[in-house]
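The structure appears below as C-alpha cells.
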Amino acid sequence: MTCDVSNNRLFDTTDKDLEKQPVKSKVPAGITKTFRSYDTSQMFLLPPSLDEWLPEDHSARFISEVVEELLDLDGIYASYVEASGAPPYDPKMMLKLVLYGYSIGVTSSREMERRCYVDVAFRWLSANVAPDHRSISRFRRRHLDTLGDLFLQVLRLCGQAGLIKLGRIALDGTKLRANASRRKAMSYDRITPRIEQLEKEVAEILAEAEAIDEAEDKAFGVNNRGDEVPAELARRETRLSKLRAAKEAIEADAKEKAIKNATKKGKDAAEIAEAAAQTEKTAVADPKAQRNFTDPESRMMKTNDGYHYAYNGQAVVDEKSQVIIAAEITQAASDVNQLMPMIASTKENLESIGIDDAARVVLLDAGYCSTENLAEIAKTRTNALIATGRLKHNERVPDAPRGRIPNDATDKERMARRLRTKQGRKDYARRKSIIEPVFGQMKVKQGAGHLRLRGLAGASGEWTLHAICHNLRKLANSRQNGVIALA
C-alpha cells in the first residue's frame, strides 16, 4: 500500500486500485515536446470552493447581489405562510436561477435543472443544490402575480442609477410566438361538422358498449363490473369538449366585436343598450376564425417567418440606456388600440417609482395612427409623433412647412405637418434606434421570441420577466462601465 501526495493527491492505493485508474494521456512515439500533464481522476487535497471558480465580474454575481440586497421579496415569501408539506426551496435561490436563466436565454425549466449540474454559474447560484424542473416550473408559474412589483423595483433601481432621462421615448410592439402548434387548431366552419361527427361516434361507441354489457350480464351475471370507460370513448369525449369550448369562444368573440361596433354608433344609453341587445342575437361568427387547442388564448399573427399563433408584446423604451419603462401583452395583432393604455401604463409606472416628469416626446410608427388616437393625443396634450402613413389626395402638407397651422387642418394633417418640421424629422429619426435594438437583444440574448408559458396570464408574466431581465442587464452594464456602484 502506498500514499501518493504528488499533484495535491492524498489517497491509499493498492494494485487492484491501480488497475481501475483511468489511463492518462499518452504522447505519440517520436514526440519529444513536454506537455502539461492532466488526469481526469485527479482528487482534491482540500475541499473546492465554487466561489473561487466563478469570476468576480460574472453576471451571476450581479443577479445574486440584486436579489439579496436590493429587492423586496415580502410578496413572494408571504405566499408560503400557509403552505404545508415538505420544506420548499428558498425563494431567493429559485428567483436567482430564473432571473439568471432568462437573462442568458435559458428559459426551459429542464435546461435550468441540467445547468445546476454542469454549469458553474448555476451551481454557484443554487449553492450546489439542483432543484428539479418541476419545482422550477411551479415556482415560475406560482409567482406570476408578483412580477409586476419586481419590474417596478428594478425600474426604480434604473432610475436611481440615472439610466432614465425621459427625453425621447418610443412605443412599439413585437410578435412573440406562443407555445402552440398550428396543427393543433381548427377554423369555425370546420368545428361544427366535426362536433356532429364526434357526437355520432360517441353515441355509436356507447350503444356498442351497452350491447356488450348486456351480453356479458347474460354470460357472467349482473354483478360483473362493466363500468370502465373505453379508451376510444375517452379520447373522443375529450376532443369533443375541446371543440365545443372553441366554438363557444369564437361565437363569444363575434358577439363582443359586434356589440362594440354597435355601441360606437349609439347616441344615448338607451340606444346603446338596445343596439347591444339586438346585435348579441344577430351576431354571426367568422367562418375562418380559428382557435388553437394547445393555447386557446393565443391568436394567429403574422411574424417574420410566416403566420403563427402568437401574442403581441408592447414595450415603452427610454432613449438614454434603452431601459424598458412599461411592458404589456395583448392578443390583438394590431397595435392601434394599445396607444392610450400604454401611455397610461407608462405614466403610472413612472409615478410609482417617484418620477413625475413626462417624456419630452413619444415616438410611434404608423401602426398606432388612427382618427381616434390622434384625437385622444390632442385631448390629453401628449407630445407624441405618430407616423401618419400615406396621405389622401385631399390631404396636402408642404414638405417644409412654415408659418401658422391652418385653423381647419385635421388632426392627421397637423401631425403630418409636425413630422415634416426640422425638429420633427430629427426626433422621429431616432425611433428605430431606440426601440428596435431592445426587441433584438431580448429575442437573441434572452430567447424572448418564443414564450414558454401558455395562456394570456402566463404570456403576460413571462413578457414582464423578460423585461425585468433586460433592465437588469442594462443595470449590470452601467455598473461595469463605472456609472453606478451598488451597495
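See the values below:
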quantity: Any chance residue 449 is closer than 27 Å to residue 152 by Cβ and without any contact (Cβ under 8 Å) to a residue 24 or more places away in the chain; calculated: no
quantity: Verdict on residue 110 being assigned to a loop (DSSP other than H, G, I, E, B) and open to solvent by 40 Å² or more (accessible area, probe 1.4 Å); calculated: no
quantity: Residues located in the range 441-482, provided they are of a type in the set (Gly, Ala, Ser) and more than 23 Å from residue 298 (Cβ to Cβ); calculated: 476, 478, 482
quantity: Qualifying residue in the range 117-135 (condition: of a type in the set (Val, Ile, Thr) and open to solvent by less than 30 Å² (accessible area, probe 1.4 Å)); calculated: no
quantity: Filter result for the condition that a residue is without any contact (Cβ under 8 Å) to a residue 40 or more places away in the chain, polar (S, T, N, Q) and assigned to a loop (DSSP other than H, G, I, E, B), over 345, 321, 334; calculated: 334
quantity: Residue count for the range 305-323, restricted to those that are closer than 17 Å to residue 168 by Cα and more than 14 Å from the chain's Cα centre (by Cα); calculated: 8
quantity: When residues of the range 110-121 are limited to those that are free of Cβ contacts under 8 Å to residues at least 40 places away in the same chain and in contact with a helix residue (DSSP H, G or I) (Cβ under 6 Å, 6 or more places away or on another chain), the one nearest to residue 453 (Cα to Cα); calculated: 110
quantity: Residue among 50, 99, 45 that is surrounded by fewer than 16 Cβ atoms within 10 Å (Cβ to Cβ), closer than 23 Å to residue 472 by Cβ and in contact (Cβ under 8 Å) with a residue 12 or more places away in the chain; calculated: 50
quantity: Among the candidates 468, 434, 405, residue that is modelled with pLDDT under 95 and of a type in the set (A, V, I, L, M, F, W, C); calculated: 405
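Residue by residue, here is whether (1) touching a Lys or Arg at 6+ places or on another chain (Cβ under 9 Å); (2) of a type in the set (Lys, Arg); (3) at pLDDT 95 or above; (4) open to solvent by 10 Å² or more (accessible area, probe 1.4 Å) holds:
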| position | (1), (2), (3), (4) |
| --- | --- |
| 304 | yes, no, no, yes |
| 308 | yes, no, no, yes |
| 313 | yes, no, yes, no |
| 316 | no, no, yes, no |
| 353 | yes, no, no, yes |
| 356 | no, no, no, yes |
| 359 | yes, no, no, yes |
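Rundown of residues vs (1) of a type in the set (Lys, Arg); (2) without any contact (Cβ under 8 Å) to a residue 24 or more places away in the chain; (3) out of contact with any helix residue (DSSP H, G or I) (no Cβ under 9 Å at 6 or more places or on another chain), yes/no style:
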site	(1), (2), (3)
421	no, yes, yes
426	yes, yes, yes
430	yes, no, yes
442	no, no, no
457	no, no, no
466	no, no, no
469	no, no, no
472	no, no, no
480	no, no, no
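The values are calculated or read from the model by the stated rules, or taken from the named source; none is laboratory data. Note that this is a predicted model, so its numbers are computed, not measured. FYI the Cβ positions are ideal-geometry reconstructions off the backbone, even for glycines, and counts take in every protein chain you see. Accessible surface areas use protein heavy atoms only, side chains included; no ligands, DNA or RNA. Shrake-Rupley method; radii C 1.70, N 1.55, O 1.52, S 1.80 Å.
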